[in-house]
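Working notes, structure below.
The values are calculated or read from the model by the stated rules, or taken from the named source; none is laboratory data. None of these values were measured; they are calculated from a predicted model. Heads up, the Cβs are rebuilt from the backbone with ideal geometry, glycines too, and the neighbour counts pull from every protein chain shown. These accessible areas exclude ligands, DNA and RNA; they are computed on the full protein's heavy atoms, side chains included. Shrake-Rupley method; radii C 1.70, N 1.55, O 1.52, S 1.80 Å.
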Amino acid sequence: MLAVENLEVVYDDVLLVLKGVSLKVPDGAVVALLGANGAGKTTTLRAVTGLLGLHRGEITKGRVELDGRRIDQLDAPEIVRAGIGQVMEGRRVFAELSVEENLRVGGYAKAKQIPEGLDRVYGLFPLLAERRRQVAGYLSGGEQQMLAIGRALMTSPRYLILDEPSLGLAPLVVAQIRDLLVEINRQGTAVLLVEQNAAMALRIAQHAFVLEVGRVSVSGPAGELAQTQ
C-alpha cells in the first residue's frame, strides 16, 4: 500500500500548496488523481517521489508511507529502489540519446536488472524495439511518451506514477496510452494517474480523488465519479 497521510507542502517557506492531502493506492490498483491546474496534483507526486527539494518545496506536516514504512525522508534514488517509478509531465526524454540509451539511464538505480527491464519494455512497446538505435529527439510526441513510460518501467516498479501522460497528444494516441496502462496494471504494477482528462482516467481507474486548491474535495469509486462528469 502506498499512502499519503495528511500532507502539507510549502514552497519557498511561504506558499502553502497542499493543505492536508490524504490518499491511498492499494497494491495492484489503478487510482486517478484529478483536478484543475494549480490544484496541487504535481506537488503531491513530487512529495511521493522525493523531488520536492529540487523545486524548493518542503513537507511541513504529514507523511508518505510504502507498506507502513515512511519514505518521504528518503532521497529520490532510494524511493526508486523501494519500488516507485515516475513519468513526469512533458515526457522529458534525453533528446540527444538513442531510445535504448534512454532506457538504460532509467535502469541505473537497479543496474543488474537492465537486461530484464529491456525485455519487458520492448515486449510492451514493440515500436521502441524497432527504433532502439534512433535518436529520441526525432520520435513523435506519442512515441516519446511511450519511451518515458518505458524508462520508468526499467526498474520494475511496484507503483507507477504518471503526471498528465495524455497532455498534448492526439485522441488516437491517448487511447493507445490508456490501453498500455491497462496492460501494465494487468501485469501487476499499481498505477497512480494524474490527469486533467478525467474521462480517460476514470475509465481505467478503480478509485479516484479530486483535488481543489490543495485539498481532497471528493473521493470514491471511479465509476461513481464518472457518472457525475
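Of all residues being out of contact with any His (no Cβ under 7 Å at 6 or more places or on another chain) and not in a loop (DSSP other than H, G, I, E, B) in region 19-31, which is most open to solvent (accessible area, probe 1.4 Å)? Just the residue, please.
Going through the qualifying residues, I end up with 24.
Look at region 135-155 and say how many of its residues are assigned to a loop (DSSP other than H, G, I, E, B) and crowded, with 16+ Cβ neighbours inside 10 Å.
Looking only at that region, the number is 3.
Being modelled with pLDDT of 95 or more and either open to solvent by less than 10 Å² (accessible area, probe 1.4 Å) or closer than 17 Å to residue 215 by Cβ (or both): is that true of residue 34 here?
yes
When residues of region 2-18 are filtered for being surrounded by fewer than 16 Cβ atoms within 10 Å (Cβ to Cβ) and either farther than 19 Å from residue 69 by Cα or out of contact with any strand residue (DSSP E or B) (no Cβ under 6 Å at 6 or more places or on another chain) (or both), how many remain?
Number of matching residues: 6.
Would you confirm whether or not region 40-52 contains a residue that is open to solvent by 60 Å² or more (accessible area, probe 1.4 Å), among the hydrophobic types (A, V, I, L, M, F, W, C) and farther than 30 Å from residue 186 by Cβ?
There is no residue in region 40-52 that is open to solvent by 60 Å² or more (accessible area, probe 1.4 Å), among the hydrophobic types (A, V, I, L, M, F, W, C) and farther than 30 Å from residue 186 by Cβ.
Could you list all residues from region 99-130 that are open to solvent by less than 20 Å² (accessible area, probe 1.4 Å) and of a type in the set (S, T, N, Q)?
102
Could you check region 160-174 and list, in sequence order, the residues that are within 21 Å of residue 123 (Cα to Cα), free of Cβ contacts under 8 Å to residues at least 40 places away in the same chain and either open to solvent by less than 30 Å² (accessible area, probe 1.4 Å) or in a loop (DSSP other than H, G, I, E, B) (or both)?
Selection gives 174 alone.
Out of curiosity, is residue 177 part of a helix (DSSP H, G or I), open to solvent by less than 20 Å² (accessible area, probe 1.4 Å) and touching a residue at least 24 places away in the same chain (Cβ under 8 Å)?
yes
Contact list please: Cβ distance under 9 Å, first residue in region 78-100 and at positive phi, second residue hydroxyl-bearing (Ser, Thr, Tyr), pairs at least six apart or on different chains.
Filtered contacts from region 78-100: 83/155; 83/156; 83/159.
How many residues does region 118-130 hold that are over 16 Å from residue 180 (Cβ atoms) and in contact with a Leu (Cβ under 7 Å, 6 or more places away or on another chain)?
Selection size over region 118-130: 1.
Would you point out the residue of region 180-220, among those that are assigned to a loop (DSSP other than H, G, I, E, B) and of a type in the set (Val, Ile, Thr), that is nearest to the chain's Cα centre (by Cα)?
So the residue we want is 189.
The rows are residues; the columns are (1) under 18 Å from the mean Cα position of the chain (by Cα); (2) at pLDDT 95 or above; (3) not in a strand (DSSP E or B).
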| residue | (1), (2), (3) |
| --- | --- |
| 45 | yes, yes, yes |
| 61 | no, yes, no |
| 86 | yes, no, no |
| 89 | yes, no, yes |
| 113 | no, no, yes |
| 122 | no, yes, yes |
| 129 | no, yes, yes |
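Open to solvent by less than 20 Å² (accessible area, probe 1.4 Å) and either closer than 26 Å to residue 144 by Cβ or not polar (S, T, N, Q) (or both), is that true of residue 80?
No: the conditions fail for residue 80.
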